[in-house]
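Here the structure is laid out as structure tokens; the discussion comes afterwards.
The values are calculated or read from the model by the stated rules, or taken from the named source; none is laboratory data. Small disclaimer: the values here were computed from a predicted structure and weren't measured. Methodologically, a virtual Cβ is constructed for each residue, glycine included, from the backbone with ideal geometry; neighbour enumeration extends over all protein chains shown.
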Amino acid sequence: MVRTARFDADAFVSAATALVAAGGPDAATLTAIAARVGAPTGSVYHRFPSRAAILAAAWLKAHAAFSARIRPLLEQGAGRAAALALVGWARAEPEAAALLLLHDTESVLADPPPPAQLQAVRDEQQALDRSFSTYMSLVAPTAAGDPAAVARARFRLFDGPIALLRPTLGRPGGVPPYVDDLVAELFAAEFEKVAA
Amino acid sequence: MNYSTQRDSTRRPIPLHGPEGFEGMRKAGRLAAQTLDYIEGLIRPGVSTAALDAACETFMRDHGGIPATIGYRGYRHASCISVNHVVTHGIPSVDKILAEGDILNIDVTPKVDGWHGDSSRMFCVGTVGRLARRLVDTTYAALMAGVAAVRPGATLGDVGHAIETVARKERFSIVEDFVGHGVGQVFHDAPDVLHYGKPGKGVRLEPGMIFTIEPMLNAGRKDVKILPDGWTAVTRDRSLSAQFEHSVGVTDDGVEIFTLSA
């Protein structure tokens with residue numbers, strides 16, 4: 001029976017995520033990533049062609065987990081539940097949340113990753129955009145093309161909750177319960193067809 | 001038992017076994033080989049992997065062994081049975097029925113008098129496709145190339161490189177997420193044995209070191225994923241995978257394979 005390798009690719013991705021969460025993208029050097037895993041630096045190169053590839057893998061993993069929680073709810077028109085799910089995800093995966101919510105995608109991917117990963121990043125972003133469009137068509141079908149309605153929805157679903165989360169990420173005690181209450185208050189009941 | 005002054009890549013001390021360790025491994029390894037010899041006769045289309053597992057357990061217990069996998073980190077079976085695109089740690093199941101053309105790995109570890117004989121082999125169900133046959137044959141050749149590289153003064157990098165060379169020549173990929181391991185009275189001990197490497201790199205082999213070599217080769221990409229059961233590792237691209245395993249010891253002048261059939 002084989003032993004699971006101590007230095008699998010996921011360990012390097014998790015280390016990169018933790019380093020970005022704690023110190024920003026610049027903190028995730030190859031040396032720091034290898035040191036955090038306890039592996040020789042060469043073993044990183046055995047699995048990833050570059051530092052940019054590890055950071056892209058970290059971004060993709062974080063975004064995939066975020067999307068898995070949010071998109072199904074958006075596509076049901078359950079905006080309040082989606083916004084609360086965003087908070088729940090940040091609470092459950094604080095390092096991934098810090099990577100995704102505290103740092104611009106452009107700064108995490110400042111060094112261009114391999115083309116396949118870059119395409120995967122675009123695919124993730126477009127999938128989320130499509131889910132948001134579905135949400136809008138469900139909860140505010142008459143507001144299509146109304147910039148104010150779109151902005152209001154974006155604020156309630158994303159910008160508002162993220163603004164509430166940012167100061168709490170990485171703090172002792174994690175995301176406090178009052179954030180859920182404040183996010184819930186962002187939603188007016190009449191705005192949604194489908195209750196959370 | 002002593003320890004080497006070297007540490008493996010996980011910084012654990014590497015045991016150096018004496019004659020009693022080699023004797024213990026011979027007994028346990030022999031039962032592992034006998035179990036796999038026995039099970040070969042039961043492999044046919046229509047049989048479930050759970051039935052094969054039960055037969056493995058009965059055989060091991062009837063011959064003085066205890067299946068070391070039962071209870072290991074919560075694992076509940078006497079063997080791992082990995083069919084087709086399952087790379088390793090396939091869980092035996094009444095629902096998994098073998099079909100003509102399948103390839104499968106059966107991995108057993110009987111514990112005899114406290115020593116672990118860890119071995120696995122590939123089996124073919126009836127007539128298998130040309131790619132499957134080539135993958136199975138190449139994986140065995142890769143294992144034996146790795147074994148042939150074992151001798152005092154060689155390195156684990158030499159072993160990995162020998163395996164890698166055989167696999168690359170046939171354009172098969174090598175799984176990196178699972179490794180061979182030290183074995184003895186501890187099931188999974190130091191050193192980690194990677195199935196790829198650079199000549200001259202890594203732990204320098206010393207007489208008394210005992211470990212498994214168990215390369216996993218994929219017909220497609222090397223990437224694997226673990227299914228939600230927490231054990232079953234499959235190829236991400238669902239390509240075929242094969243694995244062979246021996247437990248070996250470094251002797252004063254070469255290598256001893258503990259898990260060879262008589």
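Taking the criterion of being in contact (Cβ under 8 Å) with a residue 12 or more places away in the chain and more than 20 Å from A:VAL20 (Cβ to Cβ), would at least one residue in segment A:95-107 satisfy it?
Initial filter on segment A:95-107 (in contact (Cβ under 8 Å) with a residue 12 or more places away in the chain): A:95-103, A:105, A:107.
If we keep only those that are more than 20 Å from A:VAL20 (Cβ to Cβ) as well, we get none.
No, because not a single residue in segment A:95-107 is in contact (Cβ under 8 Å) with a residue 12 or more places away in the chain and more than 20 Å from A:VAL20 (Cβ to Cβ).
Among the residues in segment B:126-133, are any more than 24 Å from B:ASP229 (Cβ to Cβ), surrounded by 22 or more Cβ atoms within 10 Å (Cβ to Cβ) and modelled with pLDDT of 95 or more? The answer is no; no qualifying residue exists. Condition first: within 22 Å of B:ARG7 (Cβ to Cβ), in contact with a helix residue (DSSP H, G or I) (Cβ under 8 Å, 6 or more places away or on another chain) and either assigned to a helix (DSSP H, G or I) or at pLDDT 95 or above (or both). Now tell me which residues in segment B:144-182 satisfy that. Across segment B:144-182, the qualifying residues are B:GLY146, B:ALA149, B:VAL150, B:VAL159, B:GLY160. Candidates are the residues of segment B:68-102 that are away from chain A (no Cβ under 11 Å), under 20 Å from the mean Cα position of the chain (by Cα) and among the β-branched types (Val, Ile, Thr); the one that is surrounded by the most Cβ atoms within 10 Å (Cβ to Cβ) is B:ILE81. Of B:GLY220, B:GLY180, all but one fail to be over 23 Å from B:ALA68 (Cβ atoms) and out of contact with any Pro (no Cβ under 7 Å at 6 or more places or on another chain); the exception is B:GLY220. Being over 16 Å from the mean Cα position of the chain (by Cα), over 22 Å from B:PRO13 (Cβ atoms) and surrounded by fewer than 22 Cβ atoms within 10 Å (Cβ to Cβ) holds for only one residue in B:THR155, B:THR232, B:THR165, and it is B:THR165. Residues in segment B:107-150 that are within 14 Å of chain A (Cβ to nearest Cβ) and polar (S, T, N, Q) were compared, and the one that is farthest from A:VAL2 (Cα to Cα) is B:THR139.
One line per residue, one yes/no per condition, for (1) surrounded by fewer than 23 Cβ atoms within 10 Å (Cβ to Cβ); (2) within 20 Å of B:THR138 (Cβ to Cβ); (3) away from chain A (no Cβ under 13 Å):
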residue	(1), (2), (3)
B:HIS188	yes, no, no
B:PRO191	no, no, no
B:HIS195	no, yes, no
B:ARG204	yes, no, yes
B:MET209	no, no, yes
B:PRO215	no, yes, no
B:ASP223	yes, yes, no
B:PHE258	no, no, yes
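Restricting attention to segment B:224-262, the residues being in contact with a Ser or Thr (Cβ under 7 Å, 6 or more places away or on another chain), part of a loop (DSSP other than H, G, I, E, B) and over 13 Å from B:SER82 (Cα atoms) number 2. Residues that are under 17 Å from the mean Cα position of the chain (by Cα) and within 14 Å of another protein chain (Cβ to nearest Cβ): does segment B:38-59 have at least one? Yes, some residue in segment B:38-59 is under 17 Å from the mean Cα position of the chain (by Cα) and within 14 Å of another protein chain (Cβ to nearest Cβ).
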